[in-house]
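Here the structure is laid out as C-alpha cells; the discussion comes afterwards.
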Amino acid sequence: MFQLNDNVVYPGHGIARISRIIEKVIAGQVNTFYELKFLNQEMMILVPTNNAEAIGLRSLSSTEKINDIFKFLAEPAKRIQHHELASSNWNKRNKDYQFKLRTGNLRDISEIYRDLKHIAQHKELSFGEKHLMLRTEALLAEEIAIVRKVEEEKAIEHLRSIFNDGLFGIKSCQSSQAR
C-alpha cells in the first residue's frame, strides 16, 4: 500500500514519513511493519502493514482536496444553540470531536476547527476548547503546508484568514502558492 519514504497521515498525530519497512517475528509469525517517523514530533511508531487502513493511516490529500477544505471552512458552521455552549455540553461535544479526530479524515478535522472558530465568536473558549482548536489547526496546517509546498506559518495564516476576514478566496490562496 505504502512505500519507503512516503509521507502519510497518522490520525490525531499528523504527518510521518515511512522510514523503514521491517519484519518482526511475533508469536512465531512473521509480521511486516511500517516504521513511522513523525515530521513535527520526536516520535517514532510501528504500524502493522496489514492493519494500516484500519488504523486510519492514509496518503496525503491532493491539492484539489485541500482546495475543497478551504471552501468547506468558508461555509457557515452548523448552528449551535446557546444552551449547547454550556460547559456540561462541552463534554458531549468533546467526545464527538475526539472520535472525529481519531478518524484522521481531513474533512472531520476541518469541521471541528470550523465549529470551534464559530463558537469562539460567541463566547470565550475554555482551556479544552482552545487546546483542541489549536491541535486541529496544527494538523490542518501541517498537511496544507506539505501539499501546497508552503511554510506552516503561511498555512496557518490562510486558515485564520477565513475567519478573520469572513471571506476567503481560493484564488488569493492559490496566487500565494505560486510565489
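For residue 130, state whether it is farther than 18 Å from residue 69 by Cβ and part of a helix (DSSP H, G or I).
Details: farther than 18 Å from residue 69 by Cβ: yes; part of a helix (DSSP H, G or I): yes.
Taking the combined requirement at face value, the residue satisfies it.
Looking across segment 143-160, the residues that are surrounded by fewer than 20 Cβ atoms within 10 Å (Cβ to Cβ), not in a loop (DSSP other than H, G, I, E, B) and not hydrophobic (A, V, I, L, M, F, W, C) come down to 148, 152, 153, 154, 157, 160.
One line per residue, one yes/no per condition, for (1) touching a helix residue (DSSP H, G or I) at 6+ places or on another chain (Cβ under 6 Å); (2) under 25 Å from residue 4 (Cα atoms):
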residue	(1), (2)
59	no, yes
98	no, no
113	yes, no
116	yes, no
123	yes, no
133	yes, no
136	yes, no
147	yes, yes
157	no, no
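Residues that are out of contact with any helix residue (DSSP H, G or I) (no Cβ under 8 Å at 6 or more places or on another chain), surrounded by fewer than 13 Cβ atoms within 10 Å (Cβ to Cβ) and modelled with pLDDT of 90 or more are absent from segment 70-88. Could you tell me whether residue 73 is part of a strand (DSSP E or B) and either under 22 Å from residue 143 (Cα atoms) or in contact with a Pro (Cβ under 8 Å, 6 or more places away or on another chain) (or both)? So residue 73 fails the test.
Going by the conditions given, is residue 53 touching a residue at least 12 places away in the same chain (Cβ under 8 Å), among the acidic types (Asp, Glu) and closer than 30 Å to residue 150 by Cβ? For residue 53, the condition - touching a residue at least 12 places away in the same chain (Cβ under 8 Å), among the acidic types (Asp, Glu) and closer than 30 Å to residue 150 by Cβ - is met.
Entry remark, segment 12-62: residues being modelled with pLDDT of 95 or more, out of contact with any Leu (no Cβ under 6 Å at 6 or more places or on another chain) and closer than 19 Å to residue 113 by Cβ number 2 in total. Checked against (1) modelled with pLDDT of 90 or more; (2) surrounded by 14 or more Cβ atoms within 10 Å (Cβ to Cβ), residue 93 passes all but a single condition, namely (1).
Filtering segment 96-128 down to residues that are basic (Lys, Arg) and farther than 16 Å from residue 74 by Cα, which residue is modelled with the highest pLDDT? It would help to see each step written out before you state the result.
Residues of segment 96-128 that are basic (Lys, Arg), as a first pass: 100, 102, 107, 114, 117, 123.
This time we only want the ones that are farther than 16 Å from residue 74 by Cα, so: 100, 102, 123.
Details: 100: 93, 102: 90, 123: 85.
Looking at residues that are basic (Lys, Arg) and farther than 16 Å from residue 74 by Cα, I get 100.
The values are calculated or read from the model by the stated rules, or taken from the named source; none is laboratory data. Only a predicted model underlies this, so the values are computations on that prediction, with no experimental measurement involved. Glycine gets a Cβ as well: all are built from the backbone with ideal geometry, and neighbour counts include every protein chain shown.
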